[in-house]
Amino acid sequence: MKTQNTAYSILDLALVSKGNTLKDTFNNVRELAQNAETFGYTRYWLAEHHNSTNIGSIATSILIGYAAEGTKTIRVGSGGVMLPNHSPLIVAEQFGTLGSLYPNRIDLGLGRAPGTDRETAQAIRSDFMEAAQHFPREIEKIQTYFSKENEHAKVRATVAEGVEVPLYILGSSTDSAHLAAKKGLPYAFASHFATTHLWNALAVYREEFQPSDVLEKPYIIAGVNIIIAETDEEAANLSTSLIRMILGLFTGKRDFVQPPTPMTDYYKEILENPQVHQMLKYSFIGSKATVKAQVKEFLAQTQADELIAVTNIYGIEDRIRSYELFAEIMKELNS
């Protein structure tokens, strides 16, 4: 049974809402990070995605720097960098630089998925599939570049050596659970959309975990969709933007995030679709009281050390308010 408080964090995609420019979107990233710091969030992560009209988190390391520059204490990082898209050396150099600019505040979460469609993945890196198959080896390269012992090597990431940038393994199946356990690294599971393998992945990670220099016991971060408003009805209405995003994902008709509308029978039918229902299984939508009960149950079931909240709705003011209410919930549950 968990005895320690549960940390709470934010995972952001830098959503591009209809009527907003990219500059507006990036300013919203900084504003959200600043508010998250005020609300007591542990970390603010940005996820790498490509070739999506409604997602601005593409040049992830640059946007992390922008958010970090506008804040003072909150940890900022990647949730994650899709490592097969990149050279481990370049990733180490980028995050070593960030770690020097913002000491003890930068996280490097690593995933093996492309974060995009097959054609775009091929355009990013022609040997993507080979790099994905060697994901464990690529992580070892990054660890080497960050180590002080690499200073005598022929190939160095000089700005990374000895810089404190913790690594996190991201996953949506049991594959990365095995890897995170073997390496003794913290594990972040994408249960905000990949719900099917949650329980197996957590069991694998806990059972196989091997203590390391950075972690003595398993540390689990679980992703959840959170939309909180003053009433259940208002939150349901806000969620229509998310439903339309999911519909665009399934139909291949992606667009900017649309303004919310009243919750109708049409949207309720979409939510009853087996695929959509499964994908949004760990989505907690409603008033503060409603969501608090749902989060309390989820924590009791998962015993997660940290929740990382995803709030994919249209307006920045509504997003900030939702995250404020979620912070209140977590503080109350922790007390």
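The values are calculated or read from the model by the stated rules, or taken from the named source; none is laboratory data. Quick caveat: nothing in here was measured; it's all calculated off a predicted structure. No Cβ is skipped: glycine too gets one built from the backbone with ideal geometry, and neighbour counts run over all protein chains shown. Surface accessibility is based on the protein's heavy atoms, side chains included, excluding ligands, DNA and RNA. Shrake-Rupley method; radii C 1.70, N 1.55, O 1.52, S 1.80 Å.
Tabulated values for the structure
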| read-out | value |
| --- | --- |
| The listed residue being over 16 Å from ALA92 (Cβ atoms) and of a type outside the set (A, V, I, L, M, F, W, C), out of ARG156, ARG137, ARG105 | ARG105 |
| Subset of segment 273-292 (residues that are open to solvent by 60 Å² or more (accessible area, probe 1.4 Å) and over 11 Å from LEU325 (Cβ atoms)) | ASN273, PRO274, GLN275, HIS277, GLN278, LYS281 |
| Helices (runs of 4 or more DSSP H) wholly inside segment 198-291 containing at least 1 residues that are under 21 Å from the mean Cα position of the chain (by Cα) | 198-208, 232-251, 274-279 |
| Selection from segment 78-107 of residues that are open to solvent by 60 Å² or more (accessible area, probe 1.4 Å) and part of a loop (DSSP other than H, G, I, E, B) | PRO103, ASN104 |
| Segment 134-149 residues that are among the basic types (Lys, Arg), paired with ones that are open to solvent by less than 60 Å² (accessible area, probe 1.4 Å) (beta carbon under 6 Å, 6 or more apart) | LYS141/PRO88; LYS148/GLU161; LYS148/GLY162 |
| Test: residue in segment 60-77 that is in contact (Cβ under 8 Å) with a residue 60 or more places away in the chain, assigned to a loop (DSSP other than H, G, I, E, B) and either touching a strand residue (DSSP E or B) at 6+ places or on another chain (Cβ under 8 Å) or open to solvent by less than 10 Å² (accessible area, probe 1.4 Å) (or both) | no |
| Index of the failed condition, GLN294 passing every other in (1) of a type outside the set (Asp, Glu); (2) in contact (Cβ under 8 Å) with a residue 24 or more places away in the chain; (3) in contact with a Phe, Trp or Tyr (Cβ under 9 Å, 6 or more places away or on another chain) | (2) |
| Residues satisfying the stated conditions in segment 233-253, i.e. more than 30 Å from ALA201 (Cα to Cα) and open to solvent by 80 Å² or more (accessible area, probe 1.4 Å) | GLU233, LYS253 |
